Amino acid sequence: MKNLFRSSNLRTLSFLFAVILALPLSWGAFTGFYTWLSPFMMLNSVLTIKTFVWLNIVAFPVLIFVLFRKRWFCRNLCPAGWCFDRISGLNKRRTYIYDRVPDIGKWLAILSLSSGIVGLPLFLVFDPMAIFNGFFTVFSGKMHIVAILSFSGFILLLAVHLFLPGIWCAKLCPLGGLQLVTDDLKTQVNLLFRKQKPEAQFGSGRRYFLMTGLGLIAGVAIPKMLKPPPDNVIRPPATVEPILLNTICCRCGNCIKACPTGIIMPSTDYSDIPGWMTPAVSFRSGYCLETCNLCSRVCPTGAITLFSVGAKKQLFMGTAVIHLEDCLLFNNKECVKCKESCKYEALEFVAKENILNMIPVVDKNKCVGCGACEVICPSDCIEIRAITRRTTQ
Amino acid sequence: MKRRDFVTRVLITGGALSLGIGCQRKIEPESEKTAKTAGTADQTSGRFVTEPERQIPLLAETDVLVIGGGPAGTAAAIAASRTGAETYLVERYNHLGGLWTGGLVLPLLSTHAIDKQKNRKQVIFGIGGEMAKRLKDLGMSINEINPVVDPEAAKYVLEEMIREAGVKMLYHTWGTNVIMDGNTIKGVFVESKSGRMAVLAKIVIDCTGDGDIFHLAGDNYDVMNYAIGLVHRLGNVDRINTAKPGYVKMNVGNPTPIASVNWYNMWGKENQDALDVMNLSRLQMEYRREIWDNVKKIKQTPGHEEVFLLDTASQLGVRMSRILDGEYRLTLEDTMTFKSFSDVIGISGAWTTMLYKGKKISVNERPLWQIPYRSLLPRKTENLLVAGRCFCFERELVEDTRIIGTCLVTGHGAGAAAGLAIKEKENPRNINTRKLKQLLLQQGAWLG
């Protein structure tokens with residue numbers, strides 16, 4: 001028992017735990033729980049969206065711990081770091097010391113947080129928890145080649161460590177970088193309290209200032225430079241606006257893994273490369289269950305705003321369009337499937353010319369585009385189209 | 001203050017402020033006023049007349065009394081009679097088969113489903129299968145899976161089978177009230193041209209479709225309003241001249257075993273109360289006019305001059321009304337997971353696509369499903385069995401339970417159970433389900 005809490009054992013345990021939770025094994029709300037532990041992700045999310053969910057709190061102890069124990073998270077919990085260390089261990093030739101490499105991770109963190117404050121967290125996707133969790137999305141099946149390539153970034157990083165051991169954790173990781181920032185801040189606060197002159201220790205203030213400014217400018221300017229993403233993609237309910245989604249979605253794949261009907265797919269649209277791997281919905285395997293809000297509960301960044309199940313009727317994903325020529329009911333066959341499957345009472349059968357020609361009609365104000373009718377339609381004549389009207393807070 | 005200090009403080013306060021501004025993020029449903037659903041207007045005058053007490057002649061004292069001669073009732077009567085029990089069958093019209101024949105709902109649906117090895121195969125055997133086979137031998141059914149039959153041939157075949165089984169037939173007769181002794185049903189009052197008469201029976205099988213008997217007996221049930229249609233048939237559809245100038249393709253319905261005749265389905269108005277005779281009368285008149293107008297329109301279309309309205313169904317296509325609150329409620333999950341019951345009385349198949357746990361299960365992937373004997377047993381009333389579309393199931397299942405195939409299966413099960421209970425002198429609630437299964441197998445049923 002004593003051994004269990006020895007640092008190395010704890011870390012291996014943590015790694016195994018993280019892998020199990022990251023695999024698409026229907027963990028429900030615990031899918032990819034490690035993403036919640038990342039303070040980098042939490043700060044980006046909270047600063048960008050300016051609201052929080054209660055689960056964000058789990059990242060705070062980590063943030064506070066690293067104030068007292070430098071890099072405590074990296075050394076004890078980080079599953080990605082564990083992998084990189086193992087791979088680095090294979091390189092027996094020599095140990096590298098990257099003195100001359102700047103603290104890229106730190107500046108990534110600062111840029112990301114400051115651009116996030118004005119609305120666009122630039123480097124959230126480089127969070128190691130996101131990269132680690134995202135990789136396991138490959139196992140959820142139904143993957144596109146683009147998805148496999150993108151999620152293999154983790155493998156690529158592992159390969160890099162064969163040649164440059166320890167490079168990610170030491171220099172590149174924005175989560176590690178954030179811990180450097182908190183460390184710097186701690187020093188600064190200590191100095192302020194002790195009324196000492198801060199010059200000696202806090203030498204990088206100018207760079208902090210510049211990077212923060214750069215981040216703020218980037219956060220304001222970049223959204224104006226981007227062309228608006230295509231609007232024909234159906235997103236999970238309560239997903240944020242597409243431009244923000246491209247950066248605030250950390251591609252951890254939690255929603256894809258958690259979705260009980262497996263309708264959330266990574267977007268692999270060739271015309272929208274910045275939007276690759278963001279969640280998109282396809283109703284091939286099921287529909288958006290009226291009793292489910294798992295995607296919003298597992299989203300660690302708020303890209304899918306948390307909603308309660310009861311709110312689903314006001315969260316519009318799309319709207320149903322019926323192609324009557326194939327409709328069984330229109331062709332006088334006994335079929336009521338679309339109406340029966342609609343949980344929002346958005347479908348009515350009305351007489352077209354007379355009572356012998358009934359047709360299904362969609363009430364656009366009630367249809368949220370959950371896809372139940374598209375899925376069930378025996379003649380495949382219903383299609384959900386994305387609509388621009390979305391409810392976000 | 002130094003610039004660096006300033007920056008640091010701005011960063012700290014900025015961060016803190018951002019957190020401070022933030023409130024909890026969650027989209028909650030908008031509160032909405034619950035609209036009051038308007039109750040159905042009472043059609044009666046609200047006043048009452050007392051019926052004088054009178055002596056009712058006793059028509060017969062029998063073992064099994066089946067009320068309703070639809071697919072379920074016919075199968076039940078044949079099954080009970082074949083076990084040797086004396087059986088009476090009460091039917092309000094002049095033919096057997098109910099909606100299948102007189103109602104012109106001609107397809108015998110759900111005959112097939114997949115088994116555990118994923119092979120699609122026939123699942124409905126027994127008396128229902130016998131009927132289908134006889135009709136096929138007569139050349140009066142088309143399609144191997146979910147056959148469509150000719151209504152007159154079906155009436156003939158059902159009646160022949162009833163005759164062969166020795167069932168005592170009461171046509172043109174309604175079961176109008178129950179004769180109760182406490183919670184035990186003792187018989188039924190029937191009304192006909194001969195006036196009101198009583199039939200006493202050891203076991204009554206409610207095959208009315210609307211569950212009139214368990215309603216009168218005071219059992220609990222659920223009422224489901226559904227669409228009501230009226231089917232009609234068109235003649236001379238083989239003489240449509242497609243070469244005629246100005247020809248437009250018109251919807252003339254679906255083929256039947258007779259080449260010149262098509263049956264034309266109608267979904268009809270939604271959410272109709274099938275237990276309100278005023279409503280039924282109104283719908284009947286409205287539908288007949290709509291059908292006439294539609295046929296007139298077809299006839300006026302070039303090429304369709306010879307098409308005519310052969311007949312409209314003798315009864316409205318009531319899809320659903322009462323659902324029994326029985327000893328076991330069959331669920332959608334049971335039908336999707338090969339659930340096996342120790343008291344299985346029959347197996348039914350699938351005819352439509354279903355949503356199950358958010359996924360589409362198409363007809364070709366739908367498993368066969370067992371129907372337990374308990375779902376035919378009312379909770380309160382003794383010596384009463386229920387078969388047909390009103391037995392005990394979840395509403396989600398309605399598309400599969402209200403159709404001819406399932407009615408034939410439940411009818412056969414209820415009839416055999418009644419016969420066994422008579423033979424063993426047992427309350428139908430306590431019969432040995434192993435013996436029941438044996439009996440059903442002897443009668444040609446397939447139980448998996």
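Just so it is clear, none of the values below were taken in a lab; they were calculated from the coordinates. From a predicted model like this one, the values you see are computed outputs, not experimental measurements. Reconstructed Cβ throughout: ideal geometry from the backbone, glycine too, with neighbour counts over all protein chains shown.
Points worth noting:
- Phi angles of segment A:272-278 translate, via the Karplus equation with coefficients 6.51, -1.76, 1.60 and θ = phi - 60°, into HN-Hα couplings of 9, 5, x, x, 4, 6, 6 Hz per residue; Gly and Pro are given as x.
- Amide H to amide H, with H built 1.01 Å from N, residue B:382 comes under 5 Å of B:184, B:185, counting only residues 5 or more places away or on other chains.
- Diffusion coefficient, µm² s⁻¹, Stokes-Einstein with Kirkwood Rh over alpha-carbon pairs of the protein assembly as shown at 37 °C and 0.692 mPa s: 104
- The order of B:297, B:425, going from fewest to most other C-beta atoms within 10 Å of their C-beta, is B:425, B:297.
- Against the empirical curve 2.2 N^0.38 Å, the C-alpha radius of gyration of chain B lands at a ratio of 1.22.
- Neighbours of residue B:72 by Cβ distance under 10 Å: Lys/Arg scored +1, Asp/Glu scored -1, total 0.
- Helix axis angle, B:433-442 relative to chain B longest principal axis, alpha carbon, degrees: 60
- For segment B:96-159 versus segment A:140-168, the gap between their alpha-carbon centres in whole angstrom: 59
- Burial ordering of B:161, A:277, fewest other beta-carbon atoms within 10 Å first: B:161, A:277
- All other residues whose Cβ lies under 13 angstrom from that of residue A:379 are scored, Lys and Arg at +1 and Asp and Glu at -1, for a net of -3.
- Cα shape, segment A:130-263, gyration tensor, a/c 1.5 rule: prolate
- Residue among A:265, A:129, A:193 farthest towards the positive dipole end of chain A, charges placed on Cβ: A:193
- For residue A:227, the lysines whose Cα falls under 27 Å of its own Cα, not counting residues fewer than eight places away in the same chain, are A:50.
- Paramagnetic reach from residue B:180 (point 7 Å along Cα→Cβ, amide N under 14 Å) across segment B:210-225: B:212-221
- Sorting the segments B:83-93, B:429-439 by their mean number of nearby beta carbons within 10 angstrom, highest to lowest, gives B:83-93, B:429-439.
- Helix A:153-163 vs. chain A, principal-axis angle (Cα, 0 to 90°, nearest 10): 30
- Computed label-point distance, nm, for sites residue A:17 and residue B:138 using a 7 Å Cα→Cβ extension: 7.3
- Extension gain (nm, one decimal) between residue A:269 and residue A:326, 0.36 nm per residue minus Cα-Cα: 17.6 nm
- Note: chain A, Cα convex hull, 162 Å³ per residue.
- Distance from segment A:207-269 to segment B:255-307 (C-alpha centre basis), Å: 55
- Shown is the FRET efficiency for residue B:249 and residue B:308, computed with R0 = 30 Å from the Cβ-Cβ distance and rounded to the nearest 0.05: 0.95.
- Rounded to the nearest 500, the 222 nm mean residue ellipticity of chain A from helices alone is -12500 deg cm²/dmol, with -39,500 (n - 2.57) taken per DSSP H run of at least 4 residues.
- Computed over chain B with a Gaussian network model linking Cα atoms closer than 10 Å, the most mobile of B:264, B:373, B:356 is B:356.
- In segment A:316-393, a dipole from Cβ-located charges (positive for Lys and Arg, negative for Asp and Glu) runs towards its positive end, and of A:387, A:320, A:350 it is A:387 whose Cα lies farthest in that direction.
- Size of charge dipole - segment A:289-350 - debye, nearest 20, with Cβ of Lys, Arg +1 and Asp, Glu -1, no other charges: 320
- Label point distance in nm, residue B:285-residue B:117, each placed 7 Å from Cα along Cα→Cβ: 5.9
- Principal-axis tilt of helix A:205-225 within chain A, Cα atoms, nearest 10 degrees: 20
- Dipole of chain A computed with +1 at Lys/Arg Cβ and -1 at Asp/Glu Cβ about the Cα centre; of A:47, A:303, A:280, farthest Cα towards the positive end is A:47.
- Listed peptides A:359-365, B:113-119, A:251-257, B:69-75 appear in the order B:69-75, A:251-257, A:359-365, B:113-119 once ranked by packing, highest mean of other Cβ atoms within 10 Å at the front.
- Loop-resident sites, segment A:284-354, for GluC sites (Glu not before Pro), counting at most 14 other Cβ within 10 Å (DSSP): A:345, A:353
- Kirkwood-based Rg to Rh ratio, segment A:7-225, C-alpha trace: 0.98
- For segment A:316-393, the extents of the C-alpha atoms along the principal axes are 45, 21, 19 Å, listed from largest to smallest.
- Theoretical FRET efficiency, 1/(1+(r/R0)^6), r = Cβ-Cβ of residue B:337 and residue B:438, R0 22 Å, to 0.05: 0.25
- Other-chain or far-sequence residues with amide H under 5 Å of residue B:345's (modelled H): B:371, B:373
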